Every structure is written in structure tokens, then in C-alpha cells.
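Just below is one structure, and these are the notes that go with it.
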Amino acid sequence: MRVAFRQEWDVSTVRAREIQEGLAGTVVRTGAVPNLRRVAGIDVSVNRWTKTGRAAIVVLDYPAMTVAAVSTVSGEITFPYVPGLLTFREAPLVLAAWEKLQTAPDAVIVDGQGIAHPRRIGLAAHLGLCLGVPTVGCAKSRLIGEHAEPAREAGSAADLVDSGEVIGRVVRTRDGVKPLYVSIGHLVGLNAAVDLVLRCCRGYRLPEPTRLAHQAAGGHLAAGPVIEK
């Protein structure tokens, strides 16, 4: 698959923040995915001891949620761990995996933040710009913002707010489990982003695309019909 937007990743932390600030305004916060046929999940596993990582992209047929393709790339992680700058650690491996992918998804769910980020451009939003497809951030924990606790029932949600701005939604995907933090990535509105995550849930806390991407990033996903390495 072609990468729509390229940039330099081997930069200083100061320059990384400048890049984020320059790109944040180009993120498109509206849109939907009306004809969803394939959806991808993206996750990255990092070994802090060996300073290596593995990025995984799993493409699923929708609504069956059967695996159409898996692409993984492993490599060295050179950028330091800095909260708010994880994109610069993880994106190069993700983009390498994307370039090896031959099965195009209509939308992508990323295990990470979208605009729910201090500079409004977390991993999902930044990758959305690079990939040029509708992208949603679906994180397991909160980076910034405040919110009320959503009701215990699956599908319940509460706005995530930072400095008076709604930057995401806290969504309960399964009765009684910890909620997920859903935010706009790129080319999709917040309501559409939440709808996509819920449509892709199959009884687990995580939506199926990122649940399987997490397994693939950890080397535990069984081979699907197409494995692209």
C-alpha cells in the first residue's frame, strides 16, 4: 500500500513537537465510512530491554471479522520514550508494514490516541495523515482530559474534555469492563469513530481489529488466509 504522506522521523524531541504543532491543523475531523467492507487494526509491541519493536496491521473483512491479511515488521526503536511523542517511536515500523500490505482497508483503528493528545495529534491522527484513509484512535488508557464515568452497560459513553474542548469519548464496549478512549484520527467525525469501534466489537473489551493486531504484534496471531511479512 502507498504511503500518502512522508516525513523525517529521526529528529530531536524539540523538532518532533514542532512537527506535531505544524501538522495538527491539517487533521480532518469530519467524515464517515458508509460502505465498510474491510477494516484494519494497528498495534505496536515494544521490548524496552532490547529496544526493538514489532508493528502489526491486521485487515479484517466486515462484518464477518475474518482475517484478510496480516502484515508485520520488526526493527530497532531509536527514538526515546517521551509521553506525547510515541508516534516517533512507532510510526516508522507501522509505515513499513503498511507498504508491504496489498489488501486495502476502508478504515483503520489504531491502538493509540487520535486528537486526544496535548497537541491534538497522537499516533492515530499522525498515521491518518500518512496513510490517507479514515483513521480512529482507540486507546486503553487516558493521556489527557477529564470525563464522567460512563454507565456500566456496553455502548455507554461520556465525553472526554480538555480545556473546554471535546477531544474524544470514553466508551464502554462490554458490560462492566474498563472503558476505551476513542478519538478522531483523520477523515472521520467523533460520532462515526465511536460507531466504527462499537460495530467492530465481538464480545471483548477491544474491537476485533486492534485485538488481533495486538496478538500479531506479540507474535501470537495464527496465520490467516494471507500473511504479508
key: Tabulated pairs, the stretch 188-217, first in contact (Cβ under 8 Å) with a residue 60 or more places away in the chain and closer than 25 Å to Arg54 by Cα, second surrounded by fewer than 24 Cβ atoms within 10 Å (Cβ to Cβ) and among the aromatic types (Phe, Trp, Tyr), C-beta under 8 angstrom, 6+ apart or interchain   = Cys200/Tyr62; Arg211/Tyr204
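Might you let me know whether the stretch 115-131 holds any residue that is aliphatic (A, V, I, L, M), within 21 Å of His220 (Cβ to Cβ) and in contact with a Leu (Cβ under 7 Å, 6 or more places away or on another chain)?
Residues of the stretch 115-131 aliphatic (A, V, I, L, M): 115-116, 121, 123-125, 127, 129, 131.
Applying the additional criterion that residues be within 21 Å of His220 (Cβ to Cβ) yields none.
No, the stretch 115-131 contains no residue that is aliphatic (A, V, I, L, M), within 21 Å of His220 (Cβ to Cβ) and in contact with a Leu (Cβ under 7 Å, 6 or more places away or on another chain).
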task = Scan (1) part of a loop (DSSP other than H, G, I, E, B); (2) free of Cβ contacts under 8 Å to residues at least 60 places away in the same chain; (3) buried (at least 18 other Cβ atoms within 10 Å of the Cβ); (4) of a type in the set (A, V, I, L, M, F, W, C) for the single condition Leu85 breaks and write down its number.
result = (2)
query = Does Val73 satisfy the condition of being touching a Cys at 6+ places or on another chain (Cβ under 9 Å) and either farther than 18 Å from Trp9 by Cα or surrounded by 15 or more Cβ atoms within 10 Å (Cβ to Cβ) (or both)?
reply = no
key: Checklist (1) under 30 Å from Glu99 (Cβ atoms); (2) in contact (Cβ under 8 Å) with a residue 12 or more places away in the chain applied to Leu160, failing item   = (1)
key: Of all residues making up the stretch 162-196, the number that are more than 15 Å from Gly145 (Cβ to Cβ) and touching an Asp or Glu at 6+ places or on another chain (Cβ under 9 Å)   = 3
remark   = Per the filter on the stretch 18-37, residues in contact with an Asp or Glu (Cβ under 9 Å, 6 or more places away or on another chain) and under 12 Å from Asp106 (Cβ atoms) are Ala32, Val33, Asn35, Leu36, Arg37
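For every residue, the table says whether it meets (1) out of contact with any Cys (no Cβ under 7 Å at 6 or more places or on another chain); (2) among the β-branched types (Val, Ile, Thr); (3) modelled with pLDDT of 95 or more; (4) surrounded by 16 or more Cβ atoms within 10 Å (Cβ to Cβ).
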| site | (1), (2), (3), (4) |
| --- | --- |
| Ala116 | yes, no, yes, yes |
| Leu123 | yes, no, yes, yes |
| Thr135 | yes, yes, yes, yes |
| Cys138 | yes, no, yes, yes |
| Ser141 | yes, no, yes, no |
| Ala148 | yes, no, yes, no |
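The values are calculated or read from the model by the stated rules, or taken from the named source; none is laboratory data. Small disclaimer: the values here were computed from a predicted structure and weren't measured. So basically every Cβ, Gly included, is an ideal-geometry build from the backbone, and we count neighbours across all protein chains shown.
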